[in-house]
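Reviewing the structure listed below.
Each reported figure results from applying straightforward, stated rules to the coordinates on display, with no laboratory input. Just so you know, these numbers come straight off a predicted model, no measurement behind them. Positions of Cβ are backbone-derived with ideal geometry, glycine not excepted, and every protein chain shown enters the neighbour counts.
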Amino acid sequence: MVSVVVASCLSLVCQPAHAALASAEQGLRVAAEVVEYECTTDDVTETQDVKINVELTMPDNATAGQQMSIGWRGTYVTGSELRAPAAGLTAVKLYAYAALTGIEDLTSATGVSEPLSITAGQTIPLPEAEVSMKTTSSRAGTATVRPAAINIGPSPTAPVIECEVRNASTLTTYTLTVAQGGQASTSPTADRTTTSPKPTRTVTATVTAAATDDADLDQEIPAAQEMDATPVGGAATGGGGEAGPDGRMYVLTGLAIILAACAGLLLRRRFRSG
């Protein structure tokens, strides 16, 4: 009974986590939608009607001034595949486009597949991996996105096959939110950091306040004179220095005391002898 209760509790706890992951994936990935194309080939008068299930993936962190990527994944509707011309195709790439509206200067995103080589009349394979359609918006805002053209060729400016969307007006449009970049907020912090030498003034004021008259006298004597007046083996080494006026007074006083003591001894000896 206890194990059953524990298992039930764990299942209740784990279900919201799986549900959250599923909802996050759905928020990024758009369900596949059939896009109808009319494809024309160089030097070929006939066109091809192609239908592709296109699935788009919207970025969740688009920021103004930074490159963003819209995922493109496509699979053919059976019986509506795009085929290579009679001359075949060598070292060509598939270029997928998305149309964007709603933000000024943001009109399209472009993705490219790996190189392909297809023999005449064979189906041109669509990339198995998701194609990243890249673009950059200079402004923040909200744009609408829908699938756009597909081209096949050696470069985006030299398409061999061009496929234009036939049902653009009926396609679902999807929302792309571009956030404002936050680079400007770092400048004020740097300015405040570089202009704060206040502790230096406090230290200087403390030193000036602690100065005495002796310090003023020391400032009037040049450094060279101070060095000359310092005797070899001075106080730092335990030796004696030059005796100043106060020292001579102590010496003379000591001599006077000694002479007085000697004189007293002499007088005492005379009195005894007399």
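General remarks:
- Taking amide H atoms as placed 1.01 Å from N in the peptide plane, the amide H of Ile124 lies under 5 Å from those of Leu82, Arg83, Ala84, each 5 or more residues away in sequence or on another chain.
- The Cβ shell under 9 Å around Ile152 holds other residues with a net charge of 0, Lys and Arg each +1, Asp and Glu each -1.
- Database remark: amide H of Ser108 closer than 5 angstrom to the amide H of Leu100 (H placed geometrically; neighbours at sequence offset of 5 or more, or on other chains; Pro and chain starts carry no H).
- Taking trypsin sites (Lys or Arg not before Pro) across segment 94-182, the ones in a DSSP loop with at most 15 further Cβ atoms lying within 10 angstrom of their Cβ are Arg139, Arg166.
- Selection from Asn53, Ser169, Ile103, by position along the positive dipole direction of segment 27-178 (Cβ): Ile103
- Other residues within the sphere of radius under 15 Å centred on the Cβ of Val35, judged by their own Cβ, net out at -4 (K and R +1, D and E -1).
- Here's how it looks for Thr63: its modeled amide H is under 5 Å from those of Ala179, which are all 5 or more places away or on a different chain.
- 15 Å beta-carbon shell around Val165, net charge (K/R +1, D/E -1): -3
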